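The structure appears below as structure tokens.
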Amino acid sequence: MSENDRQIFPPSISGKGARFAPGGSVLDHAFGKSDPYTLGVEEEYMLLDGETFDLVQHVDTVLAAVAGHELEPVINQELMQSVLEIATPVCHTTGEVSDQLGRIRGYVIGVAREQGLRVGSAGTHPFSLFERQRITAKDRYRALVDQMQYVARRELIFGLHIHVAVDDPEKAIQVVNGMLPQLGPLLAMSASSPFWRGEPTGLRSSRQMVFAAFPRSGPPPRFENYADYAEVVGQLEKTGCIADYTHIWWDIRLHPRLGTVEIRICDAVTRVEDAVALAAFCQALVKHYCERYDRGEEIPSYHRILTTENKWLAARYGLEAPVMDLATGRRNRVAVAQLVRRTLRDIEPHARELGSERELEGIRDLLSRGNGADRQLRIFNANRDIVEVVREIADATEAAAAAAAAA
């Protein structure tokens, strides 16, 4: 968990009135403490040298420059000093998400420019080496590296996390179970990390392969109910395996202290409009499964091996992934984009009710033009210049922020 969790949902929403036992027991929670389907989005950015486009260890310089600004509370450090994380405040609509991301991105980019830096958003830096990155001087991060060693030192990756508030813990458990088949499609749409250490990996999301080395990562198990979840997580806490549940880094997880379902599968995306579209997709999906639960309908779930296989195919092939159609049980595989379009038909009515129909339409645009990995590979294949790939990421990140701020 980043420090920004407390920024996404302020104290009045992130558990005021909820009881938290010593040690942060997950038996207590904030589900139902905020309006359902409210949103928070976190993004992790690369800090780049303005000339070489290599990563630079200057997060402290940026944080010093934002000190005293009204946006200071939503801009924070991460594990490595070349990473900057931002978080939106609570948003009721994806239109608000768009406004906030455009505003925060634009401010951060402007501050970085004043320091001779650039900002980029993608799942990995195409050529920088993790061995050259410095760990942020905070007890949490030092303890993480001390515990995990090489696994943590290698974690030079950048993600997009989307929180959606749910009003009941039992419902939240079933929403997570229902969304497991969506991990592959979400990864395929957001994939933006085809390079690692200066080499094309043949994967559309190299970030997923790096993060897979972390313990307690990947798709979560299917829990029967909230008590089942609390018992398992409580055992990890009581035995000292983890300090608290935020040290569980599943692709999608409950965040009891915030009362949200947190979708963590996505690579950081370069375009603001793609981040907004993915937030709209997740918000409408959560509403879809919440309403099925409220009607007493069964929420389909599938074996972890099957959903994990589809996730692997999405990491490997992106939007061209030939995935299993788990809902119909067909023996042949289908293009992941076909499954996304079918999901869109199911959730579009929910997006209309949420006021997010226009933002959800961005998913169709994404499918038609390709994801971030597709764009990076096109740049690289044109002249085999890996630095030019990073320059394009920085240019597109800044252009997207400017467009969003002007909208």
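The values are calculated or read from the model by the stated rules, or taken from the named source; none is laboratory data. Computed from a predicted model, the values in this text were never measured in an experiment. Heads up, the Cβs are rebuilt from the backbone with ideal geometry, glycines too, and the neighbour counts pull from every protein chain shown. Surface areas here come from the heavy atoms of the whole protein model, side chains and all, with no ligands, DNA or RNA. Shrake-Rupley method; radii C 1.70, N 1.55, O 1.52, S 1.80 Å.
Some values worked out for this structure:
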{"item": "Of all residues making up the range 231-240, the number that are closer than 23 Å to Ile265 by Cβ and either in contact (Cβ under 8 Å) with a residue 40 or more places away in the chain or among the β-branched types (Val, Ile, Thr) (or both)", "result": "2"}
{"item": "Filter result for the condition that a residue is within 17 Å of Ser82 (Cβ to Cβ), surrounded by 21 or more Cβ atoms within 10 Å (Cβ to Cβ) and among the hydroxyl-bearing types (Ser, Thr, Tyr), over Ser193, Ser205", "result": "Ser193"}
{"item": "Selection status of Leu367, in contact with a strand residue (DSSP E or B) (Cβ under 9 Å, 6 or more places away or on another chain), open to solvent by 10 Å² or more (accessible area, probe 1.4 Å) and in a helix (DSSP H, G or I)", "result": "no"}
{"item": "Residues located in the range 237-260, provided they are open to solvent by less than 50 Å² (accessible area, probe 1.4 Å) and not in a loop (DSSP other than H, G, I, E, B)", "result": "Glu237, Tyr245, Thr246, His247, Trp249, Trp250, Ile252, Arg253, Leu254, His255, Thr260"}
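Let's see how each residue does on (1) open to solvent by 10 Å² or more (accessible area, probe 1.4 Å); (2) touching a residue at least 12 places away in the same chain (Cβ under 8 Å):
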| site | (1), (2) |
| --- | --- |
| Glu78 | yes, yes |
| Leu84 | no, yes |
| Thr93 | yes, yes |
| Ile104 | no, yes |
| Tyr107 | yes, yes |
| Gly110 | yes, no |
| Ile135 | yes, yes |
| Arg142 | yes, no |
